[in-house]
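None of the figures in this text is laboratory data; all of them are computed from the coordinates on show. All of these numbers come straight from a predicted model, not from anything done at the bench. Note that each Cβ is placed from the backbone with ideal geometry, even for glycine, and that neighbours are counted across all protein chains shown.
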Amino acid sequence: MKTLLAIDQGTTSSRAILFSDKGDILDSYQKELTLFYPNKGWVEQDANEIWTDTLWACQSIVDNIKTPQEIAAIGITNQRETTILWDRKTGEPVYNAIVWQDRRTADYCAELKFEGHEKTVSEKTGLLLDPYFSATKVKWILDNVDGVRARAEAGEIAFGTVDSFLLWQLTKGEVHATDATNAGRTMLYNIVDGQWDDELLKLFDIPKSLLPEVHDNCHDFGQGHIRDHSYPITGMAGDQHAALIGQACFKQGMVKSTYGTGCFALMNIGEEFKSSQNKLLTTIGYQINGKTTYAIEGAIFVAGAAIQWLRDSLEFFDDASKSEALAGSVDDSNEVYFVPAFTGLGAPYWDPNARAAIFGLSRESTKAHITRAALEAQAYQTLDLIEAFIEDSGHNPEIFRVDGGLVQNEFVCQFLADMLERTVEVPKITETTALGAAYLAGLQVGIYNDLDDISQNWQCVKRYEPIMPAEERKTLYKGWKEAVGRVLTT
């Protein structure tokens, strides 16, 4: 039997999952990843920890199988936009990884907007001028870490998102490359022309010598070395794009929404680039055989991270899974609203200076009401995206395919169906991000012939239908919009 090894390096953990050719999980190893907050609004990780934890997970998979040769290929998927610069000779990072949630460059982005650069950036990249993306993080490291800019201009430093850094390490420094979906999230890559953009590099003052080569999602990226074995790395995609593949959203108008640390909804819009009129992002959904399929995306910065905060900072419970029972112990949130803008608000507001708040607290408010409000916020945030999706794309999706850690919470899924007034489908394999990476790797080595093969693997394990009365839904959403309005700064 041939299997596929998926590396899924996320914001909160690094893991490796072994899949069968049918998409079934055969084995899995995972380590939680440490986040650092050195200043207000800053979020960092140890890039070496990202690598060593990922390697440990892969080694554990290899150690646990009878014949290591059964692994046909490796696929890599990763937290996007997180930025790493490292020494080309030693592989040693010059600074911590700056995580996608980091807001340290918010003022710089505001200056660029004021100077009128956002229109150019958006037309080329499909993105908005926001600290979320990699370009301003790269510039910050070049400008603030002693000696790095001079070394970069001398060609001694490499830049990459997490996929590129892992590929470099797995191939022992032989390959400096990325894929089109990750490149498209740097704010340096022109997703219309399909190349690094010289005008954007000049705008952000970033040397072109830093940049990796860009390939399709299915490509022979190089040989990954694990233990005494080497395996072809043949699939790569940013996490949300990999989930689009894993959810088999290959037709225009299909939507997947992933509820992990953040929440990211993507709609397939086909082969034509379209700029959003509603502060959504246009992104490369996937690029296979040289053909680009675009997607529009709504990015919500905090989803599961809000539940982590309740667990770790307020100690409401010792396990995130207990949030469902706690939320279900009360009939409603007692008019409590939780706006989880810990790192600003993403689509459709794009306010980097907004901050989290809990509204409507009274003497009878309890941990259960606050927890329920935090879970309900995920549906409200998703609903914020729906009308913008419809207006931008012309498609009115009837079904949402959902995945990620939070979809194991039945309360979240039912409330999502109620607020969206749409069917919510949970797939048999909810690890769709890792599965998408495995599928891409399998396409390149011939385990799958085409995207139709992948579509046939997709199975729905649970379906949620809306049951909430329309008037109740309208009242709840009105309260949410009022709460959001109170945290907006722009």
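Less than 28 Å apart at the alpha-carbon level, and either on another chain or at least 8 residues along: which lysines does that give for Lys66?
Within reach: Lys2, Lys22, Lys31, Lys172, Lys428.
Compute the separation of the alpha-carbon centres of the stretch 354-418 and the stretch 288-340 and state it in Å as a whole number.
8 Å
What per residue convex hull volume, in Å³, comes out for the stretch 342-490 when only alpha-carbon positions are used? Don't jump to the answer; show the numbers that get you there.
Working: hull volume 22.9 nm³, N = 149.
Once divided by residue count, the hull of the stretch 342-490 is 154 Å³.
Could you tell me what fraction of 2.2 N^0.38 Å the Cα radius of gyration of the stretch 3-238 comes to, as a two-decimal ratio? Display every interim value, and only then the final one.
On the way: Rg = 17.8 Å, N = 236, 2.2 N^0.38 = 17.5 Å.
Cα-based Rg divided by the globular estimate yields 1.01.
Under a Cβ-only charge scheme (Lys and Arg +1, Asp and Glu -1), can you give me the dipole magnitude of the stretch 3-238 about the Cα centre, in debye to the nearest 20? Don't skip to the answer; put the middle values down first.
On the way: 22 positive and 37 negative charges, 45 e Å.
Magnitude of the dipole: close to 220 debye.
Are there trypsin sites (Lys or Arg not before Pro) in the stretch 122-223 that DSSP puts in a loop and that have at most 15 other Cβ atoms within 10 Å, and which ones?
On the way: sites: Lys124, Lys137, Lys139, Arg149, Arg151, Lys172, Arg185, Lys202, Lys208; in loops: Lys172, Arg185.
For trypsin sites (Lys or Arg not before Pro) across the stretch 122-223 that sit outside H, G, I, E and B with at most 15 neighbouring Cβ atoms in 10 Å, the list reads Lys172.
Apply the Karplus curve 6.51 cos²θ - 1.76 cosθ + 1.60, θ = phi - 60°, to the phi angles in the stretch 170-187 and return the couplings in whole Hz, x for Gly and Pro.
5, 8, 6, x, 7, 10, 10, 8, 8, 10, 5, 5, 6, 4, x, 9, 8, 6
Under the 0.36 nm per residue contour assumption, what length would be gained going from the current alpha-carbon distance of Arg88 and Val145 to full extension?
18.9 nm
Loop only per DSSP, at most 13 neighbouring Cβ atoms within 10 Å: give me the GluC sites (Glu not before Pro) in the stretch 299-397, ordered by residue number.
Passing both the DSSP loop test and the Cβ count: Glu315, Glu364.
Between Met468 and Lys22, take the C-beta separation as r, use R0 = 56 Å, and let me know the FRET efficiency to the nearest 0.05. Don't jump to the answer; show the numbers that get you there.
On the way: r = 36 Å, r/R0 = 0.65.
For R0 = 56 Å, the calculated efficiency reads 0.95.
Pulled fully out, how much extra length does the chain show between Lys40 and Glu272, if you take 0.36 nm times their separation in residues and subtract their Cα-Cα distance? Intermediate values should be presented prior to the final figure.
On the way: separation 232, 0.36 × 232 = 83.52 nm, distance 3.98 nm.
Once the chain is fully extended between Lys40 and Glu272, it gains 79.5 nm.
So what J values fall out for the stretch 300-312 if you push phi through Karplus, 6.51 cos²θ - 1.76 cosθ + 1.60 with θ = phi - 60°, rounded to Hz, Gly and Pro as x?
After applying 6.51 cos²θ - 1.76 cosθ + 1.60, I find 10, 6, 10, 10, x, 4, 5, 6, 4, 5, 4, 6, 8 Hz.
Can you list the equivalent-ellipsoid semi-axes of the stretch 120-183, largest first and in whole Å, using the square root of 5 times each Cα gyration tensor eigenvalue?
Values: eigenvalues 97, 69, 18 Å².
Each semi-axis is the square root of five times an eigenvalue, giving 22, 19, 9 Å.
Order of Lys119, Lys89 from fewest to most other C-beta atoms within 10 Å?
Details: Lys119 11, Lys89 8.
Least to most surrounded, the residues fall as Lys89, Lys119.
³J(HN,Hα) across the stretch 157-162 via Karplus (A = 6.51, B = -1.76, C = 1.60, θ = phi - 60°), whole Hz, x for Gly/Pro?
Each residue of the stretch 157-162 in turn: 10, 10, 10, x, 6, 4 Hz.
With n ≥ 4 as the cut-off for DSSP H runs, can you work out [θ] at 222 nm for the chain, using -39500 (n - 2.57) per run divided by the number of residues, rounded to the nearest 500? Before the final figure, lay out the partial values.
Numbers: 16 runs with 168 residues, N = 490.
The per-residue figure over the chain is -10000 deg cm²/dmol.
For Lys139, give me every one of the aspartates and glutamates with a C-alpha distance below 12 angstrom, ignoring sequence neighbours fewer than eight places off in its own chain.
Within the straight-line limit of under 12 Å, Lys139 reaches these aspartates and glutamates: Asp205.
Suppose every K and R has +1 on its Cβ and every D and E has -1 on its Cβ; what is the size of the dipole of the chain about the Cα centre, in Debye to the nearest 20?
Numbers: 44 positive and 70 negative charges, 61 e Å.
Using only the charged Cβ atoms, the result is roughly 300 debye.
Between Asp198 and Thr52, what is 0.36 nm times their sequence separation minus the Cα-Cα distance? Round to one decimal in nm. Working shown, then result.
Values: separation 146, 0.36 × 146 = 52.56 nm, distance 3.43 nm.
Between Asp198 and Thr52, full extension yields 49.1 nm more.
Which listed residue (Leu476, Tyr464, Ala434) has the Cα farthest towards the positive end of the charge dipole for the chain, taking +1 on Lys and Arg C-beta and -1 on Asp and Glu C-beta about the Cα centre?
The listed residue farthest towards the positive side: Leu476.
Taking the Cβ of each residue in Thr382, Thr283, Thr489 as the centre, tally the other Cβ atoms inside 10 Å and list the residues starting with the fewest.
On the way: Thr382 23, Thr283 27, Thr489 12.
Lowest to highest Cβ neighbour count: Thr489, Thr382, Thr283.
Could you give the distance between the Cα centres of the stretch 256-277 and the stretch 40-101, to the whole Å?
Cα centroid to Cα centroid, the span is 25 Å.
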